[in-house]
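Remarks on the structure that follows.
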Amino acid sequence: MKKLILPVLASLCMSCGDDPVPKPNGYLRLDYPAAEYKRTNTILPFSFEKNTLSDSISSIKIDENRNAYGIDINYPSMKGTIYLTYKKVTEDNLNNLLRDAQSLTLKHVSKADEIVEQPYENEKQSVFGMFYEVGGNAASQSQFYVTDSINHFLTGSLYFYAKPNYDSIYPAAVYLKNDIKHIMETIKWRQ
C-alpha cells in the first residue's frame, strides 16, 4: 500500500505546474467612427454643422412669444443629447442671457472636479462665446454659449441618459465635446 501511495503523491505534486496567476481586469473599449459633419437646413435663425452619427435634429420647440427655440441633437448609440437653446437678443437682455448661461454651468460646481473655461472668438462670422468642460461626476460634461452680441444668443449642454459616472462616460464625453466645439466653430447667423 505504501508503495502505491508514494508514486501517486509524487505524480500529483509534479503535475501541478506553475502557480496560478489571476487574470488582469478587462476593460470595455469604446471606439466611435470618425466624425462626418453636414450643415443643418432648418427654420432656425442660424445654421451649423452636426455629426451624421447623431439622429436628425429630433425636435425643435418654438416659443414665439420669447423669440426662443429649443433644439435636441440625439446620439442614441451613446445615450446622450446635446440640448441647444436659442434666444433673440434685444436691447436690454444680453446681460441676463450671459448671466443665465454662466450660472447654468456654475450649478455643477458641487459635483464637478473642475470646470475649464475656453473662450471662443470668430470675428469673421461674428461668433463670440465660451466653452466649459466639466470634469467629474457632474450631470453635464460640456456646456457653451455663443452670441453675436447684437441679435443672436445660443447656449448648449451635453447630457447622458445615465447616472453621472465620469470614468464610464469619458470616451463618449470626449467624442461629443469635439462635436460641440465643431458646432460652435461652424455657426452662421441668419439675418
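Taken together, the values in this text are just the output of simple stated rules run on the coordinates, not laboratory data. Remember, predicted model here, so these are calculated numbers, not experimental data. All Cβ positions, glycine included, derive from the backbone under ideal geometry; neighbour counts span all protein chains shown.
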Among the listed pairs K61/K177; K79/K188; K107/K177; K124/K177; K79/K107, which are separated by more than 26 Å between their Cα atoms? K79/K188
Taking the Cα-to-Cβ direction at A162 and at I62 and moving 7 Å from each Cα, how far apart do the two end points lie in nm? 3.6 nm
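Which FRET efficiency, nearest 0.05, do A139 and R39 yield, Cβ-Cβ r, R0 25 Å?
According to the calculation, E is roughly 0.25.
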Here, the stretch 69-174 modelled as identical Cα point scatterers in vacuum has Debye log10 I(q)/I(0) at q = 0.15 Å⁻¹ of -0.65
